[in-house]
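Visitor: Take this structure first; my questions come after.
The values are calculated or read from the model by the stated rules, or taken from the named source; none is laboratory data. As the structure is a prediction and not an experimental result, all values here were calculated from the model. Every residue, glycine as well, gets a Cβ built from its backbone with ideal geometry; the counts of neighbours run over all protein chains shown. Accessible surface is based on the protein model in full, side chains and every heavy atom, while ligands, DNA and RNA are left aside. Shrake-Rupley method; radii C 1.70, N 1.55, O 1.52, S 1.80 Å.
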Amino acid sequence: MAAAGDGWAAAREKFRSARALSSVESRKDPATEPFRSKYAARALLEEVKQLLSGAEEGGDAVRRAVLEYELGVNHADTEELSAGEEHLLRCTRLLEPQRLSRRCVALYIQAQNNLGILWSERDEIQTAQTYLESAEALYHQYMKENGNPPLDPSEHFMDEEEQLTDQERSKRFEKAYTHTLYYLAQVYQHLEMIEKAAQYCHTTLKRQLEFSGYYPVEWALNAATLSQYYLSKQCFMEARHCLAAANVIFSQAGQVPSAEDNETEQDQQDLRQRKAEIARCWIKYCLNLLQSARKLLEDNIGELDLDRQLELKAQRKKEEDEKENGRKKAVLFVTSDICDSVLAMEEKVSCVYPLDFQEAREIFLVGQNYVQEAKEFFQVDGYVTDHIEIVQDHSALFKVLAFFEEDYERRCKMHKRRVDMLEPLYADLNPQYYLLISRQLQFELADTYYEMMDLKVAIGNRLEELDTHTIKKINSLAQLAIKYYELFLDSLRNPDKVFPEELEEDVLRPAMVAKFHIARLYGKLITSDGKKQLENMQTSLEYYTFLVDYCEKYPDAVHAVETELELSKEMVGLLPTRMERLRAKLCPFI
């Protein structure tokens with residue numbers, strides 16, 4: 001493959017210098033001239049092209065293709081996409097007749113990868129898909145028909161004694177194919193082919209570990225993100241495995257020397273942020289596992305179904321072992337050096353549905369630890385939205401843990417913890433800038449007080465006679481729930497304080513539930529004053545009537561509040577009679 005003469009030696013030297021300028025020197029370019037080294041590299045590549053332009057033999061055709069490829073990538077790097085495309089297409093045209101040969105296949109696949117990236121940057125995702133799928137198909141065809149490690153593109157500008165070993169060739173070829181899969185995962189994500197995107201992401205991550213071609217932080221973040229796909233499919237074992245692997249690989253980040261020996265404060269900040277982002281994925285894991293268990297265990301009024309609990313415990317004992325062993329094979333990111341660490345990380349949290357308070361609490365505590373970790377970075381000062389979302393997840397962890405708690409007093413205390421973490425956030429929030437979050441907090445606080453009031457009523461029902469303290473507590477909780485529901489409903493009013501005639505789809509159910517709950521809360525207020533009781537019943541009737549009238553006027557709303565509507569109709573029928581009886585009792589001679 002060696003070529004005679006000084007021309008070849010000069011071409012080879014200039015080619016090497018161009019690659020060094022592009023990959024190494026360009027990192028040091030000043031912000032005022034970000035492409036200085038890239039432009040210098042381009043000039044050298046053009047000189048090499050001139051030196052080779054007289055040659056006509058096949059080997060030089062491949063070398064010319066290498067140069068077109070390097071020029072294509074160079075132009076793409078300097079944001080000149082049209083020129084980049086032109087060079088890359090010239091590269092593929094030169095290689096087309098022998099694209100399946102050992103000398104050309106790696107270069108052809110890399111050219112197609114880069115055409116895929118280039119079209120992605122133009123937001124022409126389907127064109128990108130065509131190039132990348134073509135690269136994928138070519139890899140499979142080559143491996144089936146030939147399978148020998150192909151030449152790396154750089155070898156076309158090396159002397160024979162410098163050629164790479166087959167092992168190194170194979171490593172580089174597999175890395176190029178891993179890039180194909182990585183970009184395809186992103187393309188499928190853009191095209192909302194979520195299942196396929198997840199499958200390609202998973203394969204990419206496995207291959208990156210296998211061939212040691214990854215940046216720990218990026219790998220960990222991608223694995224943590226993939227866990228969220230598995231969560232959406234209720235595949236908790238796979239989700240946990242992705243997160244455990246993410247933690248283990250992320251811990252390598254501090255051990256891997258960076259390009260610069262002295263890490264900047266910004267690098268440290270980025271590292272802390274990524275760690276917090278992985279922690280947030282763990283929070284979602286714990287929360288989803290607990291919430292899915294609740295759905296399995298709750299009866300038709302949202303309480304723990306004890307028969308179902310016993311049935312599921314018996315079933316789990318039988319299934320557990322065989323199921324886990326069967327599924328593990330498909331998912332593992334196992335290379336011998338991280339296997340033990342990942343398994344140790346997995347053992348810290350269950351991946352099966354918790355069926356009682358003790359099991360639920362263990363998952364809750366893991367989630368709560370990750371809440372603290374995430375909040376260390378995402379502080380309210382500077383990250384308002386992120387911080388509030390994390391606190392809302394913390395509140396949701398308490399809410400779902402309370403479901404497993406049989407003792408009503410302790411359950412009430414858990415809801416009180418939710419109020420204590422949410423109220424200060426709401427108080428400091430400017431609804432003008434954070435309207436959506438403000439509404440979420442209003443509704444959640446209202447719902448939490450509503451649940452606490454229901455629990456206090458249930459505790460009171462067990463007493464022979466309601467004492468003053470319990471009555472005060474029930475009334476106070478009911479009033480606070482009403483206050484926050486009313487604040488939520490007020491936030492829907494226009495600048496003239498008028499409530500919308502027709503509600504937007506995204507607030508329809510919450511607004512109707514708020515109206516329904518307020519109606520019910522006025523019915524729960526305890527007073528010995530008959531007149532006050534009558535007023536409360538009248539207010540209650542007005543809210544129930546709103547629900548019934550609205551659904552008559554807008555029948556499309558019925559699907560959002562079927563249960564509430566049925567009960568509202570019932571109350572609209574019953575309340576006037578009850579009010580008449582009370583009036584008669586208050587004024588017997590009228």
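Rundown of residues vs (1) open to solvent by 70 Å² or more (accessible area, probe 1.4 Å); (2) closer than 19 Å to E68 by Cα; (3) of a type outside the set (D, E); (4) modelled with pLDDT of 95 or more, yes/no style:
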site: Q110; (1), (2), (3), (4): no, yes, yes, yes
site: A137; (1), (2), (3), (4): no, no, yes, yes
site: H140; (1), (2), (3), (4): yes, no, yes, yes
site: M158; (1), (2), (3), (4): no, yes, yes, no
site: I194; (1), (2), (3), (4): yes, no, yes, no
site: L205; (1), (2), (3), (4): no, no, yes, no
site: Q208; (1), (2), (3), (4): no, no, yes, no
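Visitor: Return a yes/no flag: does segment 67-88 have any residue that is touching a Pro at 6+ places or on another chain (Cβ under 7 Å) and within 28 Å of Y200 (Cβ to Cβ).
Guide: Within segment 67-88, one or more residues are touching a Pro at 6+ places or on another chain (Cβ under 7 Å) and within 28 Å of Y200 (Cβ to Cβ).
Visitor: Which one of these is under 36 Å from the mean Cα position of the chain (by Cα) and open to solvent by less than 70 Å² (accessible area, probe 1.4 Å): E451, E505?
Guide: From the options E451, E505, the qualifying one is E451.
Visitor: If you don't mind, there's one more thing I want to ask. Pull up segment 354-383, narrow it to residues that are of a type in the set (F, W, Y) and under 21 Å from the mean Cα position of the chain (by Cα), then point me to the one that is most open to solvent (accessible area, probe 1.4 Å).
Guide: The residue in question is Y383.
Visitor: If a residue counts only when it is farther than 28 Å from Y131 by Cβ, open to solvent by 60 Å² or more (accessible area, probe 1.4 Å) and at pLDDT below 95, which helices (runs of 4 or more DSSP H) contained entirely in segment 1-85 have at least 1 such residues?
Guide: 5-23, 36-52
Visitor: Y215 fails exactly one of the following numbered conditions: (1) in the same structural domain as A106 (by the TED database); (2) of a type outside the set (D, E); (3) surrounded by 17 or more Cβ atoms within 10 Å (Cβ to Cβ); (4) modelled with pLDDT under 95. What is the number of that condition?
Guide: Of (1) in the same structural domain as A106 (by the TED database); (2) of a type outside the set (D, E); (3) surrounded by 17 or more Cβ atoms within 10 Å (Cβ to Cβ); (4) modelled with pLDDT under 95, only one is false for Y215: (3).
Visitor: Based on this model, can you work out whether E96 counts as at positive phi and open to solvent by 30 Å² or more (accessible area, probe 1.4 Å)?
Guide: When the stated conditions are applied, E96 does not pass them.
Yes or no, residue by residue, for (1) open to solvent by 50 Å² or more (accessible area, probe 1.4 Å); (2) touching a His at 6+ places or on another chain (Cβ under 9 Å); (3) hydrophobic (A, V, I, L, M, F, W, C):
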residue: E465; (1), (2), (3): yes, no, no
residue: Y484; (1), (2), (3): no, no, no
residue: P495; (1), (2), (3): yes, no, no
residue: L525; (1), (2), (3): no, no, yes
residue: E535; (1), (2), (3): yes, no, no
residue: E542; (1), (2), (3): yes, no, no
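Visitor: Any idea which of (1) assigned to a helix (DSSP H, G or I); (2) without any contact (Cβ under 8 Å) to a residue 40 or more places away in the chain; (3) open to solvent by 70 Å² or more (accessible area, probe 1.4 Å) is the one L480 doesn't satisfy?
Guide: Against the list (1) assigned to a helix (DSSP H, G or I); (2) without any contact (Cβ under 8 Å) to a residue 40 or more places away in the chain; (3) open to solvent by 70 Å² or more (accessible area, probe 1.4 Å), L480 comes up short only on (3).
Visitor: Also, I was wondering about something else. Just give me the residues in segment 204-241 being within 25 Å of E136 (Cα to Cα) and in contact (Cβ under 8 Å) with a residue 60 or more places away in the chain, in sequence order.
Guide: Within segment 204-241, L205, K206, L209, E210, A223 qualify.
Visitor: Now for a separate question. Would it be correct to say that R172 is open to solvent by 10 Å² or more (accessible area, probe 1.4 Å), more than 30 Å from K28 (Cα to Cα) and of a type outside the set (S, T, Y)?
Guide: Considered against the rule, which asks whether it is open to solvent by 10 Å² or more (accessible area, probe 1.4 Å), more than 30 Å from K28 (Cα to Cα) and of a type outside the set (S, T, Y), R172 comes out as no.
Visitor: Looking at the structure I just gave you, is A557 of a type in the set (G, A, S) and buried (at least 21 other Cβ atoms within 10 Å of the Cβ)?
Guide: Criteria not met by A557.
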